[in-house]
Protein chains: 2
Amino acid sequence: MKKAETTRLSILHKAFKLIYTKGYQTTSIDEIIATTQVTKGAFYYHFKTKDEMGLAIINEILKPSLTESFIDPLYTIENPLDAIYTLMENLLMKTEFLKVEYGCPTSNFTQEMTPWNVDFGRALKEITKLWIQSMTSLIEKGKENAFVRKDVNAKHVTVFVISGYWGIRNFGKLENTKKAYLPYLNQLKTYLHTLQ
Amino acid sequence: MKKAETTRLSILHKAFKLIYTKGYQTTSIDEIIATTQVTKGAFYYHFKTKDEMGLAIINEILKPSLTESFIDPLYTIENPLDAIYTLMENLLMKTEFLKVEYGCPTSNFTQEMTPWNVDFGRALKEITKLWIQSMTSLIEKGKENAFVRKDVNAKHVTVFVISGYWGIRNFGKLENTKKAYLPYLNQLKTYLHTLQ
DNA sequence: CTAAAAACATACTACTTAGTATGTTTTTAA
DNA sequence: TTAAAAACATACTAAGTAGTATGTTTTTAG
């Protein structure tokens, strides 16, 4: 039970890449198995349906990468406002597997799936909640440590920042250059500054 | 040449509604003509392809509604910062044809189409530009009239605000309640306050 | 009123899609 | 080593898709 797991993960990774660049609907199973060098039999041995694979992508690909790239970095800088800004700057300008022309995977998924698949919505809501909670509690701690003003609503700030992030990711798709991110980063900095 | 135009617009309106609620890919032409009570012959008389219809939706439905609901209201309030906040509050909480579970049409289109259709991207970029330019020049005027600090970068503020709007619209899809919009509106208000 | 063009209607095609039926090979456990 | 289960392979199906071919009806202009 080792090779099998490799096959499964290989399918998930290739499928994720295709879906990230093309969208879920426009990515066919035939295309996935072609680029994965796996046959239909193997695919349907590992996943009952395409949607089951989609859910697996959220839980087994998106979720871990969210933890690694979106949450853990928050704890490497003492000042939470600095941590948030640095995170966003890294995500937008430096993180390599995120491309300006393809936007944010979680945001893309949310946009495309939510209207017609409740399970996808639930799974996406859950992983988004993780990000929100991390950032919120970080700000709360910042209030205790005098990095953040006491009257700041941590949850509100978090949602505001993340909304901007999702929005500017979509914006980037239109402009097709990372320069499009700069206005957001610039204003994010001044905004965060007003919270201390 | 009057009845024909009615048919054409009827198709565009019904198609827009379907696409807004379900997405472009998942809305089939058969579905469109079924709800429009029009036959395939009529559809393909008015539009050479599905994508031509999609472009027509952007230019003939989205664009006018953007002007009417997203731009014109900006000029009804003297203080540009108040105008922007009021616009966003109205769009998010009151505008009836925008539903929390379906997000923002322009943002949806951008998200779904950009990766695989250049023409859609161009058209969407163009109408988005209209919104940005309006809001930017409004803020510039606000600087002259002492409503806005002189050192504020109008374009940056505009992009920051609109990004937040797009993002919170996507956020609403996960939460499925307009309450999800409140953190954005709340922080938008305090953010705009710091610009005066 | 009438012919020609515009506007629509119907039946079909070629292709793609997710999923299945039925196999064969590989791995695992005794 | 061997039998059984796991893992994969191939060929197929049924349903849907955008788009077309070929009509008929309606409108318009002279």
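The table below lists the values:
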| quantity | calculated |
| --- | --- |
| Exclusive hit being open to solvent by 10 Å² or more (accessible area, probe 1.4 Å), within 20 Å of the chain's Cα centre (by Cα) and not basic (Lys, Arg), set A:193, A:156 | A:156 |
| Residue count, the range A:22-41 (criterion: open to solvent by 30 Å² or more (accessible area, probe 1.4 Å) and either among the aromatic types (Phe, Trp, Tyr) or not in a loop (DSSP other than H, G, I, E, B) (or both)) | 7 |
| From B:63, B:40, residue being free of Cβ contacts under 8 Å to residues at least 60 places away in the same chain and over 26 Å from residue B:147 (Cα atoms) | B:40 |
| Top-ranked residue in the range A:12-32 [being more than 13 Å from DNA strand C (Cβ to nearest atom) and away from chain B (no Cβ under 11 Å); ranked as farthest from residue A:62 (Cα to Cα)] | A:14 |
| Conditions (1) in contact (Cβ under 8 Å) with a residue 60 or more places away in the chain; (2) open to solvent by less than 10 Å² (accessible area, probe 1.4 Å): number failed by residue B:139 | (1) |
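The values are calculated or read from the model by the stated rules, or taken from the named source; none is laboratory data. Predicted, not measured: the structure shown is a model, and the values here were computed from it. All Cβ positions, even for glycine, are placed from backbone atoms using ideal geometry, and neighbour counts span all protein chains on display. Calculation scope for accessible area: heavy atoms of the full protein, side chains included, ligands and nucleic acids excluded. Shrake-Rupley method; radii C 1.70, N 1.55, O 1.52, S 1.80 Å.
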